[in-house]
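Visitor: Sharing a structure here in structure tokens format.
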Amino acid sequence: MSLSPIGAFARSHDPDRYLCALFAPAEKREAIFALIALNHELARAREAAANPMAALIRLQWWRDAVEEAGTGRPPRRHEVAEPLHAAITAGLLDPEGLLALVDAREAEAEEDGLATEEAFVAWLRGTAGGWSAVAGRALGASADEAEVLRALGAAYGLAGVLRSVGAHAAQGRCLLPGDRLAAAGLDAAAVTAAPRAAPLAALLREMAAEGLAALA
């Protein structure tokens, strides 16, 4: 099949979700591609920013783009904003759900990171979990079914965090909850300095086991 520019963007930046999107009905697939692309842009807001305030400005740009589409204003000239606008105006993506995805990313701009496991879980449910819930609603899931998808998406998000500890450390970032790190005798600085250290590996195995238990 021929692949649209937004489909190619999704395939390049998030191949896992892209492959899942291929199972969506053809008439909704472009909207899911746009949702994948938006998620990528939100996820890289802090990574691409020089400081937390710059990250918040990037997130506000996307918040404005979603709100403008919801009120019928013209699309912004951007490779992701334009197809996202089309999906919103066609009624395929819910603006409120998209705004919640933007809001959830603000936690990544906190200077001290995610301080508690409670904050960490809320972040997972709002970001990866929120993506799954919005995608589910776009594909016809009920509100109750979308909440099940949110929990499954959060587990997927946890897997992503655990497998990306080294990559985040190379960027000087740590997204693990501060209280769990402290209980293991660690802190964010220790993680970024030595992402393969034995105490950290033990914590990651422990958190992965908890994620599997939650899925069960």
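The values are calculated or read from the model by the stated rules, or taken from the named source; none is laboratory data. Keep in mind it's a predicted model, so treat the numbers as computed, not measured. In this analysis, Cβ positions are derived from the backbone assuming ideal geometry, glycine residues included, and neighbour counts consider all displayed protein chains. Each accessible area value is taken on the protein alone, full model and side chains, heavy atoms only, with ligands, DNA and RNA left out. Shrake-Rupley method; radii C 1.70, N 1.55, O 1.52, S 1.80 Å.
Visitor: Which one of the conditions (1) open to solvent by 60 Å² or more (accessible area, probe 1.4 Å); (2) of a type outside the set (A, V, I, L, M, F, W, C); (3) more than 17 Å from the chain's Cα centre (by Cα) does Asp64 fail to meet, given that it meets all the rest?
Guide: (1)
Visitor: Follow-up. Residues to consider are Leu56, Leu35; find the one that is in a helix (DSSP H, G or I), touching a residue at least 24 places away in the same chain (Cβ under 8 Å) and surrounded by 19 or more Cβ atoms within 10 Å (Cβ to Cβ).
Guide: Result of the check over Leu56, Leu35: Leu35.
Visitor: Which residues, taken from the range 1-18, are touching a helix residue (DSSP H, G or I) at 6+ places or on another chain (Cβ under 7 Å), open to solvent by 70 Å² or more (accessible area, probe 1.4 Å) and not basic (Lys, Arg)?
Guide: His13, the sole residue that qualifies.
Visitor: OK, next. Can Leu152 be described as touching a residue at least 12 places away in the same chain (Cβ under 8 Å) and open to solvent by 60 Å² or more (accessible area, probe 1.4 Å)?
Guide: Details: touching a residue at least 12 places away in the same chain (Cβ under 8 Å): yes; open to solvent by 60 Å² or more (accessible area, probe 1.4 Å): yes.
Considered against the rule, which asks whether it is touching a residue at least 12 places away in the same chain (Cβ under 8 Å) and open to solvent by 60 Å² or more (accessible area, probe 1.4 Å), Leu152 comes out as yes.
Visitor: Let me ask something else about it. If we scan the range 119-132, do we find a residue that is of a type in the set (S, T, N, Q) and at pLDDT 95 or above?
Guide: Going residue by residue through the range 119-132, those that are of a type in the set (S, T, N, Q) are 127, 132.
The next check asks that each one be at pLDDT 95 or above; those that pass are 127, 132.
Taking every residue of the range 119-132 in turn, at least one turns out to be of a type in the set (S, T, N, Q) and at pLDDT 95 or above.
Visitor: Next question, about the same structure. Consider the range 172-210. How many of its residues are of a type outside the set (D, E, K, R) and in a helix (DSSP H, G or I)?
Guide: Qualifying residue count, the range 172-210: 20.
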